[in-house]
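Okay, structure first, notes after.
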Amino acid sequence: MAKDSLTVTDNRTGRSYEMPINQGAVRAIDFREIKVDEKDFGLLVYDPGFTNTASCRSAITRIDGEAGILEYRGYPIEQLAEKSTYLETAYLLIHGELPTQRQMDDWREEIKFHTYLHENAKKFMEGFQYDAHPMGMLVGTVAGMSTFYRDSKAVMDPASRHDQIVRLIAKMPTIAAFAYRHNQGKPYVYPDNSLSYPGNFLSMLWKMSEPKYEPDPVLQRAMDVLWILHADHEQNCSTNAMRSVGSAHVDPYSATAAAAAGLYGPRHGGANEEVINMLLRIGNKGAIPEFLKGVRAGDERLIGFGHRVYKSYDPRARIIKQTADEVFDLVGHNQLLDIALELEHIALEDEYFIEHKLYPNVDFYSGIIYQALGFPVGMFPVLFAIPRTSGWLAQWVEMLTDEDQRIARPRQIFQGSGTRDYQPIEKRR
Ligand code: CMC
């Protein structure tokens with residue numbers, strides 16, 4: 001009869017070991033039993049980039065990369081993008097269930113109550129150089145928030161955790177908008193709590209002398225949809241940073257700053273900025289074949305294509321393309337969109353991309369939408385960090401409350417020098 005176990009034979013010793021298989025996984029620690037002799041440390045599992053290592057059990061987000069499926073707490077991303085709001089999706093991620101009307105009203109009120117930044121945090125932001133990268137301002141300010149909320153150190157206290165979660169989700173758009181206004185040399189606009197979560201963000205970005213900013217409903221909805229799509233994506237680089245740094249039981253502001261720093265990189269949330277740079281460099285549709293020749297030769301990458309997990313179309317890219325149509329109908333056509341559409345069309349029929357299972361990812365179109373809305377490229381990862389905050393926090397709580405979790409501390413295979421004696425400087429060659 002089939003057994004849920006794995007038998008491994010160590011050919012160095014001829015010994016066999018049986019390890020249980022649970023939920024399609026063996027425990028890496030079971031390999032430590034495999035030893036040549038009693039002094040042996042035991043077999044390690046080598047996995048740079050964690051390509052085949054599950055670092056946790058999670059009930060938050062499910063991705064089926066082959067089938068192009070993304071679900072938050074069991075709800076397909078397509079349904080959430082069509083029917084939910086970002087704030088409701090954030091509630092779902094954090095609490096595990098969609099809210100009742102009463103719970104939603106309370107959640108909205110709680111978030112609104114915390115949208116203002118402490119005036120000293122505002123002053124702190126004012127100290128940045130006029131052309132500081134907005135992501136650097138966001139990372140620095142979020143880390144600085146731990147100095148304002150000392151109660152945040154009580155990470156094992158559910159009530160304290162809840163307070164910090166609300167503060168972070170509420171203040172992220174405010175920090176992002178202040179960073180934007182700072183770059184523009186414009187006065188910061190305080191939150192307008194009579195507006196929706198995305199509407200208030202647009203007001204803090206674009207309000208000038210008018211007594212009340214009226215956000216365009218299409219732009220407001222586009223922002224909400226983009227934020228739903230970006231809210232969580234299971235164990236990606238920044239989420240792994242959140243869990244890893246959080247596993248030291250540091251406060252959530254410090255852990256969120258670390259996660260946001262991970263998101264900043266061009267291989268992660270910085271990719272949408274790189275997409276725009278790439279499209280500008282290509283310049284026109286006629287130059288696409290030559291550009292793709294370079295990609296095929298391995299000289300560069302087609303940014304916005306490829307994903308560690310999705311080996312078919314990224315479901316978020318499909319939805320975002322629809323949002324792009326709605327935004328472009330409103331703000332007018334953009335040459336970069338034409339180049340992107342043509343690039344996608346050619347790449348999807350190209351043997352190299354088919355063979356390597358490279359399809360557009362969420363960032364292929366998000367940058368083009370952000371640019372059409374008037375955001376400078378430096379704001380793109382910031383716009384990603386706002387919604388991903390709810391995903392990071394949901395994962396953080398799950399990590400803290402999982403009895404299996406310990407401080408993140410990988411092993412290494414040491415390949416440096418053997419033991420040697422210290423030489424005084426005059427004796428060194
Ligand atoms: N253009 C051309 N070739 C590519 C690309 C690309 N965008 N992505 C992967 N490849 C090739 C790569 O050269 C390699 O080929 P070979 O096997 O012949 O050497 C093969 O595909 C596997 O690549 P990999 O780098 O081992 O794959 P990975 O899973 O480690 O990397 C990735 C995933 C997203 C970093 C990568 O696809 C990439 O660099 N894409 C461009 C950057 C990008 O769009 N990033 C946004 C990711 S989605 C948003 C997010 O989650 O943050």
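A compact table of results
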| quantity | calculated |
| --- | --- |
| Crossing angle, helix 362-372 versus the chain [Cα axis fit, 0-90 degrees, rounded to tens] | 20 |
| Helix 315-331 axis, angle to the chain major axis (alpha carbon atoms, nearest 10°) | 20 |
| Label zone at Lys357 (point 7 Å along Cα-to-Cβ), backbone N below 16 Å, the range 275-313 | 305-313 |
| For the range 41-81 and the range 240-316, distance of Cα centres in Å | 18 |
| At R0 = 30 Å, FRET efficiency that the Cβ-Cβ distance of Ala67 and Ala248 yields, to 0.05 | 0.25 |
| Spatial separation of Cα centroids for the range 185-234 and the range 127-149, in angstrom | 20 |
| Approximate spin-label separation Glu210-Phe414, in nm, with each point projected 7 Å along Cα-to-Cβ | 6.5 |
| Calculated FRET value between Glu82 and Arg102, using beta carbons and R₀ = 25 Å, to 0.05 | 0.60 |
| Qualifying GluC sites (Glu not before Pro) for the range 335-429 [loop in DSSP, other Cβ within 10 Å: at most 13] | Glu349, Glu403 |
| Helix 134-145 vs. the chain, principal-axis angle (Cα, 0 to 90°, nearest 10) | 70 |
| FRET E, pair Thr51, Asp299, Förster distance 22 Å, beta-carbon r, rounded to 0.05 | 0.35 |
| Cleavage-rule hits (trypsin sites (Lys or Arg not before Pro)) in the range 204-286: DSSP loop, at most 14 neighbouring Cβ within 10 angstrom | Lys212, Arg267 |
| Cleavage-rule hits (GluC sites (Glu not before Pro)) in the range 267-333: DSSP loop, at most 13 neighbouring Cβ within 10 angstrom | Glu300 |
| Which of Asp192, Asp47 has the fewest Cβ neighbours within 10 Å, and the rest in rising order | Asp47, Asp192 |
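Read-outs throughout are calculated quantities, based only on the coordinates presented, and are distinct from any laboratory measurement. As the structure is a prediction and not an experimental result, all values here were calculated from the model. Cβ sites come from the backbone with ideal geometry, for glycine too, and all protein chains shown count toward neighbours.
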